[in-house]
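Worksheet: the structure to be examined is printed underneath.
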Amino acid sequence: MDALRLAAELEHGLMCQYLFAAYTIRRYPYECFDYTWNRRRKTWEKTRVLSEAELERVRRWAMKVTLIARQEMEHLGLALNLLSSIGGTPSFSRPNMPQKDDYYGAANIKLTLTTCNLDTIKRFQIFEKPEEIDDVDDPKQIDDWCKRARIAGGPAPELEEAPPMVTGGAPHIDQYGVPFADVQQLYTEIEQGFVYLTRSLGERELFIGSQGNQVYGGPPSPLYGSMNDLNQYGLSLIPVTNLQSARQAIRMIIEQGEGAKAPPSYRPNAHFCLFSDIRMEMEADKGKLAEAGARRVVANPLTRWQPDLTAPRREFTLIENPDTLRVAELFNQCYEVMLLLLLYLYSDQVKTEEQTNSLMDAAFFPFMTMFVRPLAEILTELPANDPYDLSKMAGPGFELAGDVVLFPNIEQTWTLFQERIDALVAGFRAVTARGKLAPPKGEPHLVRWAPRHDPWRELPSQSEEYVVKQREELWARVKAETATFHEEEGRGKVSEEILPSLPWLRLYYLRQNMERLGVNWKDNWMNVGRTA
Amino acid sequence: MTSLLLEFEGYFQMRMATDPDPTDELRGVSGYTFALAGEPDLDAKVHFQPDEPGVWQRKFGVGDDEGDKLPVARQSKSGGPRVGVVVTNASIGGNAAPEYQDARVQFLDAQILEHNGVLVRNDYFFIDPLHVRVSDRDGNVMVERKDWVNPAAPDMPLWEATSPMLLRRQPNFVQSNSPLVAAATGLPDAGNETLIRNREARRKSLEALLAKTKDETARAALVTRIEQLRIVEQWWNLAVGTFRNRPIDRRAHQLTLLFDGWNIGVMGNPTVNTIGADETQPWPLKFWMGGWDGDALTGYVKGTWEIPLK
């Protein structure tokens, strides 16, 4: 169980790192330019850094890194299914980032959030390195593994019957007492553990957990065949009920990650090979496109110092811009609620199939896709500190204030969700206070939430008339919606003269979505028109 | 009472983000629909006519044109879909009404909404706004009427819609591998093999186009499209099937996915009425949407609008 908890923690940590990197990749046409504030002239000056074709190339990197991150979510889910299957307590706990280099001993897994550049991709490549590769800097080895499949293939070897080393004395010991030099080895140990314990205890005694306390898609899922079947989004989540499914889950993790034991035809899609492809593309111009293609996001942007951090102070940035800080706090809160929803699915609290499906929907659609991700993206377009310094933008810190735990009673749990959502509604109202939209006094060049002028208008691929019309319509709708201000917005009146920036409009959209969720969440969530 | 019955059909465009991208995504990353290099942002609106702002029609092979003002046509030169929903048959009291033939139908600014589960779930899309316009071949508006989500409060924000209000604007059912859609879009059948072959043929057509394309921006966009068209099976799904026998991917599957049973009595105040329609009655609008082509960002719509006459 310790090994599985460690595996879940690792997968969770990798997923956050991959997501952070993916969110830092530019993709809006206006991001073909960098903007710098000329203090003497008091104007924003722009420099082209990407062509539209290059922007398309870096978007394809983002697509790959995002897909890998989703599959890390799958691996996290599979690790928790494995844990749940043997009666363990699933957990989303993990250390905050950054941590010291040897946090996981010699496993070479650094916990840190960095932009998607060549160094970052090299780090990711090492995370996913198969044991069969000695040197990730050797293109021939990588080509053999990923493209020509000379090294591996064939059936997996039989496992040794010796018990796994699940307690102390290992060369790469960590706080769990689970020895591992890399992720692949950890899962090999786990697989050996399952085989050994099945043989010594028997399947019935080992797999005592309920399938109802697992998250999965595909044929066993009631959502199979529907648009909300998780397995159609690049995932392959299965339930674990016996040794065969346990081994299948473990094998899927290392097939998708390292490509080990995978059919040679699958290898090019393994995480290691996808990262190797990106690295090769980045190295083709010595990392120049990678540098230009990433938003200028600081490493490890945090809302506050977290007591479990072990990395030196220079490795993280405290967000000081007050507006950005509030958005970052909202992100952390949404992230925590999403984890709570997921944890509930793994809990043994009484829940009907309908409730399970509803909560699964809630966790993935909308919390993960409509709040966590947009907030993360918005943060990478907001200044970490000085609003005139666009070379230091913020980002999602994925901060956890402690363990993510549920109340033991189901009614308390519903209340807990409602309270959290109410707090989020208040938070969104505060950050989108319409009366505060005007630029700060004496700084007319600062458009709140995106301190740049509107570069959309100058790009040939963007119809000026159309883009401006869209935003004017959105703004008109916002202004027309209500004449009253919520308490959280403070006093003021809607500014007539300013056209809000895209990040602000996105925040307002999130606010509306959260307000909708917040209206008697429990009842409304179960009663939303036709669902099947 | 006599009614005018308008039968309409054709390809529409909907440049919207797809799951798991958020619904306000403007360019596309984790779904399979994108605003590609050189194209305007995704606007998430349903466009029935090619000259509506926000339309961008792509090339599907050598010899095709692209852009935002291509004429109404059922297919491009290379066989791809072209936007244009028109009246294909009209009758009054059972008698032919040829003056309405080829009239242009529009759902002005309509969006197919779900907000990833916030508004409705499981992709039982809610259509809003529903503002139907019929114009003659020259573009002169003949009749136009808007439907209200809540007739008692037409300005009510969508966020306050109750479940019955949502139900009224949702389809009744969703059907995979629909022969109805296959027939409408010219596919020989609705089987998965046919759908996969269709995507492979599109990919090959784009590869030929790429070989003749010099412009770097256009080439970059084509590379992304070709990469997406390679995904016809769930290659990542290691739990079901075997290599080259995985479940069909949504990029191909949705070519014959049917959303059917929209049946809405349009009942707001008509804004244009040159045909002597009875404005005191609701005007029943029945239609289906389907045949979603994620590469073209088009779908097919077919339906009827029954307008009681005074």
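The values are calculated or read from the model by the stated rules, or taken from the named source; none is laboratory data. Just so it is clear, the structure is predicted and the values come from calculations on it, not from any experiment. Positions of Cβ are generated from backbone atoms using ideal geometry, with glycine treated the same way; all protein chains shown enter the neighbour counts.
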### Message
Residue under question is A:Phe331, and the condition is that it be modelled with pLDDT of 85 or more, aromatic (Phe, Trp, Tyr) and either touching a helix residue (DSSP H, G or I) at 6+ places or on another chain (Cβ under 7 Å) or within 21 Å of A:Thr432 (Cα to Cα) (or both); does it hold?
### Response
yes
#### Entry: Selected residue [away from every other protein chain (no Cβ under 14 Å) and under 20 Å from the mean Cα position of the chain (by Cα)] from A:Leu406, A:Leu382
A:Leu382
### Task
Might you check whether a residue that is within 13 Å of chain A (Cβ to nearest Cβ), closer than 20 Å to B:Trp262 by Cα and in contact with a strand residue (DSSP E or B) (Cβ under 9 Å, 6 or more places away or on another chain) occurs anywhere in the stretch B:141-152?
yes
#### Entry: Close pairs (7 angstrom Cβ cut-off, 6 or more residues apart or separate chains): acidic (Asp, Glu) in the stretch A:200-211, in a helix (DSSP H, G or I) anywhere
A:Glu203/A:Leu243
### Query
within 14 Å of chain B (Cβ to nearest Cβ), basic (Lys, Arg) and more than 30 Å from A:Thr188 (Cα to Cα) - does that describe any residue in the stretch A:285-296?
yes
### Task
Answer yes or no as to whether A:Ala62 is within 27 Å of A:Glu315 (Cβ to Cβ) and either modelled with pLDDT under 95 or in a helix (DSSP H, G or I) (or both).
yes
### Task
Sort through B:Trp288, B:Trp283, B:Trp235 and tell me the only one that's of a type in the set (A, V, I, L, M, F, W, C), crowded, with 20+ Cβ neighbours inside 10 Å and more than 24 Å from B:Pro179 (Cβ to Cβ).
B:Trp283
### Among the residues listed as A:Ser84, A:Ser51, the single one being away from chain B (no Cβ under 14 Å) and among the hydroxyl-bearing types (Ser, Thr, Tyr)
A:Ser84
### Task
Return yes when A:Gly435 is surrounded by fewer than 17 Cβ atoms within 10 Å (Cβ to Cβ) and either at pLDDT 85 or above or not in a loop (DSSP other than H, G, I, E, B) (or both) and no when it is not.
yes
### Hits in the stretch A:101-112 - residues which are surrounded by fewer than 17 Cβ atoms within 10 Å (Cβ to Cβ) and within 11 Å of A:Phe398 (Cβ to Cβ)
none
## Note on the structure
Scanning the stretch A:240-259 residue by residue, those surrounded by fewer than 24 Cβ atoms within 10 Å (Cβ to Cβ) and either within 11 Å of chain B (Cβ to nearest Cβ) or not in a helix (DSSP H, G or I) (or both) turn out to be A:Thr241, A:Asn242, A:Ser245, A:Gln248, A:Arg251, A:Met252, A:Glu255
### Query
Do the conditions hold for A:Leu359, that is, is it without any contact (Cβ under 8 Å) to a residue 40 or more places away in the chain, touching a Leu at 6+ places or on another chain (Cβ under 8 Å) and within 14 Å of another protein chain (Cβ to nearest Cβ)?
yes
### Query
Cβ-Cβ below 6 Å, separation at least six or inter-chain, first residue in the stretch B:14-32 and on the phi > 0 side of the Ramachandran plot, second among the aliphatic types (A, V, I, L, M) and assigned to a loop (DSSP other than H, G, I, E, B): which pairs?
B:Gly28/B:Ala17
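A quick yes/no check of all residues on (1) basic (Lys, Arg); (2) buried (at least 16 other Cβ atoms within 10 Å of the Cβ):
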{"residue": "A:Pro90", "(1), (2)": "no, yes"}
{"residue": "A:Gln99", "(1), (2)": "no, yes"}
{"residue": "A:Cys116", "(1), (2)": "no, yes"}
{"residue": "A:Lys122", "(1), (2)": "yes, yes"}
{"residue": "A:Pro139", "(1), (2)": "no, no"}
{"residue": "A:Ile142", "(1), (2)": "no, yes"}
### Message
Can you find, within the stretch B:5-38, the residue that is farthest from the other protein chains (Cβ to nearest Cβ) among those that are among the aromatic types (Phe, Trp, Tyr) and assigned to a loop (DSSP other than H, G, I, E, B)?
### Response
B:Tyr32
### Message
Need the failing condition index for A:Glu45 against (1) away from chain B (no Cβ under 14 Å); (2) over 19 Å from A:Arg279 (Cα atoms); (3) modelled with pLDDT of 90 or more; (4) outside any loop (DSSP other than H, G, I, E, B), just the number.
### Response
(3)
#### Entry: Selected residue (only one of A:Ile278, A:Ile319 is buried (at least 20 other Cβ atoms within 10 Å of the Cβ), in contact with a strand residue (DSSP E or B) (Cβ under 6 Å, 6 or more places away or on another chain) and either within 12 Å of chain B (Cβ to nearest Cβ) or over 29 Å from A:Tyr196 (Cα atoms) (or both))
A:Ile319
### Query
Restricting attention to the stretch B:204-221, does a residue exist that is away from chain A (no Cβ under 14 Å), of a type in the set (Asp, Glu) and touching a helix residue (DSSP H, G or I) at 6+ places or on another chain (Cβ under 9 Å)?
yes
### Task
Considering (1) assigned to a loop (DSSP other than H, G, I, E, B); (2) over 23 Å from the mean Cα position of the chain (by Cα); (3) on the phi < 0 side of the Ramachandran plot, say which one A:Gly87 fails and leave the rest.
(3)
### Task
Return only the number of the condition from (1) more than 27 Å from A:Glu399 (Cα to Cα); (2) within 14 Å of chain B (Cβ to nearest Cβ) that A:Arg40 does not satisfy.
(2)
### Query
Can you tell me which residues in the stretch B:67-121 are within 14 Å of chain A (Cβ to nearest Cβ) and at pLDDT 95 or above?
B:Leu108
### Task
Test A:Glu377 against the criterion of being among the acidic types (Asp, Glu) and either modelled with pLDDT under 90 or at positive phi (or both), and give yes or no.
no
